[in-house]
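The values are calculated or read from the model by the stated rules, or taken from the named source; none is laboratory data. Note that the structure is predicted; figures quoted are calculated from it, not measured. Here Cβ is always computed from backbone atoms with ideal geometry, including for glycine, and neighbour counts include all displayed protein chains.
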Amino acid sequence: MYERLEEITLAEQESTARFSHTVNVCMAAGCMSSRSDAIKDALTKEVEANGLERWCRVRGVGCMGLCAHGPLVSVDTDQSAETLYQYVTPDDAPAIVGALEGPPVERLHCPTNVPFFQRQKKIVLENSGRIDPERVEEYIAADGYTALIKAITEMSPAEVIDEIIASGLRGRGGGGYPTGLKWTTVAKSEGDTKYVICNADEGDPGAFMDRSVLESDPHRILEGMAIAGYAIGAGQGYIYVRGEYPLAVARLKTAIRQARRVNMLGSGIAGTQFAFHVDIRLGAGAFVCGEETALIASIEGKRGQPRPRPPYPAEYGLWGQPTLINNVETLANVAPIIRNGGDWYASLGTAKSKGTKVFALAGSINNTGLIEVPMGTPLREIIYEIGGGVSGGGQCKAIQTGGPSGGCIPAEFLDTPVDYESLAALGSIMGSGGMIVMDESASMVDVARYFMEFCMTESCGRCVPCRVGTVHMHNLLDKFSHHEAAPRDLVLLEKLCDMVRNTSLCGLGQTAPNPVLSTLRYFRHEYIAAITEEAADLYAITPAPPTSRNGATQHAPAQEVAS
């Protein structure tokens, strides 16, 4: 069964061996927005103009990670040496090509012996920036689809699930639910037809992890979905991806065609009886469709609104059939786990949070971009070493994780390890992996108002607590932002947070108060400072004294005052 892959791998290796130099141009969305396609064309023309096309090739690759320094170009030689160039323009093509046999172009050179590159552990991103995402041959030459063949020819469905359980992999979409347990539930559910859905509806502000993986390594997602389909007994998969990701969608379509061509998708995969088909469904940009029941409704052609649970999709999902839903990063971990074993994956990370996590660094940080680190890596190391510190030489005030569902962590907790439990203890969540750094100039009231406005706008309107509660919370936060608030507004804001969190139908409303609650917990003085002087004098309000709980500094709740 491996013969076909070996043939493709050997052919690819022979084709590559004749080139002593390979010029790789980042063709992910970030660099494409800065004309990396024009850079690739200019480099190709320069190579041809100098008659070097027989031993030098120019190709497009996926995201190289250091988005802040893009467009990025790397040059590989047959001695496995690599030179990375930053801030490249089409006009730099002659200098780069001219330096192929000599020292690198100093003004463009980007050192790679720095923490940003050296402190990462890449599993999900191991192929990103290394292969051409539009050529299945390069994916196969990088051990692609070997895990799928191993699963369907050497393992039973139960054995595949056992490896996922042993790995300790938890859902990377935000909830952190054990992946193996979810697979087990779907596998045991009764139903003539079952489905696998890849949730690629990435909607968190500042998050671009899923988009980058889809653009840089689309076959990895297809392989993970096919393995999941084999494990649970499904023959059909759907990738629900945002319509705002045209490049990711185009590369997914190409990957699906290519996978069918090499018999890694479709009927009789690799000569076996296993069949698995994948189709794409485009989302219209509704944040609520990231919630699994709303996503299912959207695929079915209905309005994307959540429904009460139970029953859960694992038992009653797409068209009433058992359905497995995992996000992009979760599925991207599946093939490496099957290739290397669950114990290998479980050796990384912490006791309860295994493996690695991909983060999108954004905000006031020097090295904006995409990173992958072992679970348990301290926030300080991510921000000040890998991230290069706060931009402009400022000081970190807070880190926002988890998007609109997350919270703001003050700088005093920078030594906290990044794992599910530690972030939850601070009032935030891992989320899908967005990490926004804020410096001392940031207003935490404005941050809370921004995320509340996002949740208010994105509410589907089905339940009153979310539809109405988010509007009232936003109006209150607006008063604080404009220094027009009264003391009773602080009391009302906290009551609304409690009501919306505990009575909303789905995760959007239930977690919408999180940014407000975390800023009230750690930056309460900013809310009190925003109360008008007249109101403060009228009610003689003073900041509440800090109280200690579980070793963390907190502030007592606002005292209710008469209206």
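The table below gives the values:
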quantity: So Glu385, is it in contact with a Leu (Cβ under 7 Å, 6 or more places away or on another chain) and among the acidic types (Asp, Glu); calculated: no
quantity: Those residues of the range 333-344 which are in contact with a Ser or Thr (Cβ under 7 Å, 6 or more places away or on another chain) and surrounded by 23 or more Cβ atoms within 10 Å (Cβ to Cβ), in sequence order; calculated: Ile337
quantity: Lone qualifier among Gly389, Gly407 - being over 28 Å from Ala28 (Cβ atoms), in contact (Cβ under 8 Å) with a residue 12 or more places away in the chain and more than 14 Å from the chain's Cα centre (by Cα); calculated: Gly407
quantity: Matching residues, the range 514-546, being part of a loop (DSSP other than H, G, I, E, B), modelled with pLDDT under 95 and within 28 Å of Gly402 (Cβ to Cβ); calculated: Ala530, Pro543, Ala544
quantity: Whichever residue in the range 45-96 is surrounded by fewer than 18 Cβ atoms within 10 Å (Cβ to Cβ) and at positive phi and, among such residues, is modelled with the highest pLDDT; calculated: Tyr87
quantity: Residues located in the range 56-102, provided they are assigned to a loop (DSSP other than H, G, I, E, B) and in contact with a Gly (Cβ under 9 Å, 6 or more places away or on another chain); calculated: Gly62, Cys63, Met64, Gly65, Leu66, Gly70, Pro71, Leu72, Gln86, Tyr87, Val88
quantity: Close pairs from the range 81-96: first under 19 Å from Thr368 (Cβ atoms), partner among the small types (Gly, Ala, Ser), Cβ under 6 Å, at least 6 apart; calculated: Leu84/Ser74
quantity: Selected residue [of a type in the set (A, V, I, L, M), modelled with pLDDT under 95 and either surrounded by fewer than 24 Cβ atoms within 10 Å (Cβ to Cβ) or on the phi > 0 side of the Ramachandran plot (or both)] from Ala187, Ala207; calculated: Ala207
quantity: Failed item in (1) in contact with a strand residue (DSSP E or B) (Cβ under 7 Å, 6 or more places away or on another chain); (2) surrounded by 15 or more Cβ atoms within 10 Å (Cβ to Cβ); (3) touching a residue at least 40 places away in the same chain (Cβ under 8 Å), with Gly285 passing the rest; calculated: (2)
quantity: In the range 482-525, the residues that are among the hydroxyl-bearing types (Ser, Thr, Tyr) and surrounded by fewer than 17 Cβ atoms within 10 Å (Cβ to Cβ); calculated: Thr503
quantity: Residues that are of a type in the set (S, T, N, Q) and closer than 24 Å to Leu125 by Cβ, drawn from the range 1-59; calculated: Thr9, Gln13, Thr16, Thr22, Asn24, Ser33, Ser34, Ser36
